[in-house]
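Notes follow the structure.
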Amino acid sequence: MKKGFFIFLATLVLFAPAIHAKKWTGVVVKEFDNSQLWIDLVTQLRDAKMSYGAVVGSERILDYFTDLKSKEFAYQSIVDLIDFGYPFNLRSVFMAGDLELTGKENFNQSYNLYKATVDLEKNMPKWANNYFSRVDMANFPKYLFYQAINEFNAKKLDESLVHLDKALTGLQDPSQLSLSKKVARTMARIYYEQTHYKEAFDIYQNYLLQLNPVEPLDWLEAAWSLYRLGRFEEALGYLYNLEIAESDVYPGHDLNLEKYIIRALIYREKCATSYTSSLSDAFEKEFGPTIESIKLGAPLKSLPILNKIIDRNSDYRRAVKTISELQAENARVAKLPEKVRVVAEYLYSTAIKNLERTKAFAEDAALTDAARRLVVMGESLRFLQFDVVREQYNPDKVFAPPPPPIENLIENLPDNRFLLHWLQWGDYWRDEKTNYHGLLKNWCQ
């Protein structure tokens, strides 16, 4: 009995590589078992700017068909959609990739780079080095960015900046805008880590915040740099812009609790007890009922506001966002050419059902984390009020020299024109497009 069992194990080990190497393929509905139909569908979806559906369609092509033409088309589409700014990780798509590509074209190098990083994460360095060797590691911007991120994580900040700067100089084409934003934002974060706050702010002010549309997170990160520079009024103005981006004017954006932290820190610097109290009251008005429900043990699924403060990198956030985008695109399927309309309806309906299962699986952990962060923030703001009162008696604040007075409310301009600055204590005035300053008196003196 034992001998037979060990023979079975030996046979299993002998054939394990072959079993492992077999690629899983999906089963396509018979009426849609036509690779050209799917290629036409993805082409039409991309032309219609229905990028989430195009990503799912490309993944389906890789699942359903094994011919070289279909695989190259699908991977080309995925690489293009990543370049155009698809916001979520598509690493898993490249795990089963078996294309043999050489040459310095963007698609070839991108595929080889993505494939190499996947193999490296799967602890297959030999295969990873094989794909890395096909990438122009000295000049390809995506590889330079990949290298810089690794150096950033290893705290080699100066080396990371060198590679980021070189990558940015190679990203001049408009089609590379998505990557250039990531590179620039990473440079700003490194400068911030190095306490070079002015250099960090310059990147936000002169590049990232000049783009259309603006990523709301950039207002927040720029505000942190301004806070560190002691430019508190401007920091409050940038938070105002962040709040506009989070408002109903631009629906669908997440809420970021960090804005309360920066405001609270600024109010502490100014010993602004009344503003701190107002901040706590505003937080209580927006989130108080939700926090009370959490403490009373209400089902987290019944608290919809938690969905807007979930970690943006979580699987749950990806599922929620993708479902929302797919539903919006699905409403436009009727405008697609008739020859792809039926398969498009099938694609969207099945994709949404699959993501609903993913969402349900990850929901509890994501909502629990969001609830914890919300409760902790509420408690922190409550105790901060006492901290601000204490700062009023801090000798370093009480005996600090007063700031220069704000003068010249009317600024004279050429040709008998003038610019009037409206000063409103605790409110905002606008000096140019999307630049606001929140003016605060210093109550410490």
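The values are calculated or read from the model by the stated rules, or taken from the named source; none is laboratory data. What you see is a predicted model, and the numbers here were worked out from it, not measured in a lab. Neighbour counts run over all protein chains shown; Cβ positions are idealised from the backbone, glycine included. Only protein heavy atoms, including side chains, enter the accessible area calculation; ligands, DNA and RNA are left aside. Shrake-Rupley method; radii C 1.70, N 1.55, O 1.52, S 1.80 Å.
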Seminar exercise, completed: Checking rank on 338-346, 205-213, 112-120, with mean other Cβ inside 10 Å and highest first, the result is 112-120, 338-346, 205-213
Seminar exercise, completed: The FRET efficiency for ASN129 and ALA334, from their Cβ-Cβ distance with R0 = 60 Å and rounded to 0.05, is 0.75
Problem set entry | Where labels lie 7 Å past Cα in the beta-carbon direction, separation of GLU100 and GLN327 in nm | 4.7 nm
Exercise. If you roll a 1.4 Å probe over the stretch 37-101 with all protein chains in place, what percent of the accessible area is carbon or sulfur?
Worked result: 51 percent
Exercise. So for GLU284, GLU356, what's the accessible-area order with a 1.4 Å probe, most first?
Worked result: GLU284, GLU356
Seminar exercise, completed: So GLN194 and SER178, fully extended at 0.36 nm per residue minus their Cα-Cα distance, gain in nm 3.3 nm
For this session: Just check the stretch 72-127 against the gyration tensor rule for me: Cα atoms, a ≥ b ≥ c as the square roots of the eigenvalues, rounded for a/c under 1.5, and otherwise prolate or oblate depending on whether a/b exceeds b/c.
Result: oblate
Exercise. Once the whole set of protein chains is in place, how much accessible area is left on MET137, using a 1.4 Å probe, in Å² to the nearest 10?
Worked result: 80 Å²
Problem set entry | Computed lengthening from SER349 to PHE386, 0.36 nm per intervening residue step minus Cα-Cα distance | 8.0 nm
Problem set entry | Per residue accessible area of the stretch 79-196, 1.4 Å probe, in Å² | 51 Å²
Exercise. What is the list of residues in the stretch 165-189 whose amide nitrogen lies under 20 Å from a point 7 angstrom out from the Cα of LEU157, following Cα to Cβ?
Worked result: 165-168, 182-189
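Quick check: at a probe of 1.4 Å, how many percent of the accessible area of the stretch 236-393 sits on carbon and sulfur atoms? Show your work: numbers first, answer last.
Details: 4490 of 8380 Å².
Looking at the stretch 236-393 in its full context, I get 54 percent from C and S.
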Seminar exercise, completed: Note on the stretch 100-150: alpha-carbon gyration tensor, axes a ≥ b ≥ c; rule is a/c under 1.5 for rounded, else prolate if a/b larger than b/c, else oblate; result oblate
Exercise. Which pairs break 24 Å Cα to Cα here: LYS30/LYS69; LYS71/LYS335; LYS69/LYS115; LYS49/LYS71; LYS182/LYS359; LYS301/LYS353?
Worked result: LYS71/LYS335; LYS182/LYS359
